[in-house]
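Engineer: Below is the structure I would like to discuss, written out as structure tokens.
The values are calculated or read from the model by the stated rules, or taken from the named source; none is laboratory data. This one's a predicted model, so the numbers in the text were calculated from it and none came from an experiment. Here the Cβ positions follow ideal geometry from the backbone for every residue, glycine too, while neighbour counts run over all protein chains shown.
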Amino acid sequence: MSRFAVILPAAGRGSRFHDKSYKKPFAPLANKSIWLHSAERFLGRDDVVQTILVIAPEDREQFFFKFGANIAFMGVDVVDGGAERADSIEAALGHLKPQAEFVCVHDAARPALADAWIDAVFAAAEKTGAAILAVPVAGTLKRVGPDRKIEETVSREGLWEAQTPQVFRRELLLEAYAKRDGFQATDDSQLVERIGHPVTVVPGSPINIKITTKEDQRLAEHSLRALPKPKLSGPSHPFADGDMWR
């Protein structure tokens, strides 16, 4: 059985979320923080040997005040992130356990994830070295100018919207980051593409929504109801009613 490390980036500014009480990954969703829903999908897996949560350095004190005991209970490693997403992932890569053969990166703000999708993308990465979840673009695409006038209609043929998890053989992702030279990729597969390694696309689902706005948060709550519960051998924290995560 291959062994996977999971990185959950949660260090973003979340400027479009507009919540004065919570930063996006730590906002409540169905009685738990958003990031916990994401983490739970990996905590009970026998093939996951490490889970790393990446947070902004300025959030560390408040985060551990609220979640410190729970983090220790769950065995999640917490790493300070950087200014941009790629900087945060690079920081987490420096904390990988030696036994991790593959690295899975999953947005902490993408909580509506099914075990079957993880199984599929893990299996594809084992075969090809690099795989991501994605969905075909379904809508009509318009290129719009700065004056908000349509410049052209773009063909959607062959276009897919990337999702996470994105999973890579450890050495491959480390090479991609070593060669990024400050390039700020919007996802990890872009860096792997830059070094010439093909990335396999595994069909995902529109349910696997990334929370960016408050409206997304409401949609994600409905999505969670449509999914089976994660595989957990026990509670993911010592508070059965989840009040600590509100």
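Engineer: Restricting region 26-69 to residues that are in contact (Cβ under 8 Å) with a residue 60 or more places away in the chain and hydroxyl-bearing (Ser, Thr, Tyr), which is surrounded by the most Cβ atoms within 10 Å (Cβ to Cβ)?
Structural biologist: Applying the filter and picking the extreme gives Ser38.
Engineer: For the subset of region 193-220 comprising residues that are in a helix (DSSP H, G or I) and of a type outside the set (Asp, Glu), which member is modelled with the lowest pLDDT?
Structural biologist: Out of the qualifying residues, it is Lys214.
Engineer: Suppose the filter is at pLDDT 95 or above and within 14 Å of the chain's Cα centre (by Cα); does Ile34 pass it?
Structural biologist: When the stated conditions are applied, Ile34 does not pass them.
Engineer: Ok, one more. Within region 165-203, restricting attention to residues that are basic (Lys, Arg) and out of contact with any strand residue (DSSP E or B) (no Cβ under 7 Å at 6 or more places or on another chain), which residue is farthest from Lys97 (Cα to Cα)?
Structural biologist: Arg194
Engineer: Here's another thing I want to ask about it. Given the criteria crowded, with 16+ Cβ neighbours inside 10 Å, modelled with pLDDT under 90 and not aromatic (Phe, Trp, Tyr), does Leu232 qualify?
Structural biologist: no
Engineer: Next question, about the same structure. Can you name every one of the strands (runs of 3 or more DSSP E) wholly within region 70-185 that holds 2 or more residues which are of a type in the set (D, E, K, R), exposed (fewer than 15 other Cβ atoms within 10 Å of the Cβ) and modelled with pLDDT of 95 or more?
Structural biologist: Answer list for region 70-185: 141-144, 150-154.
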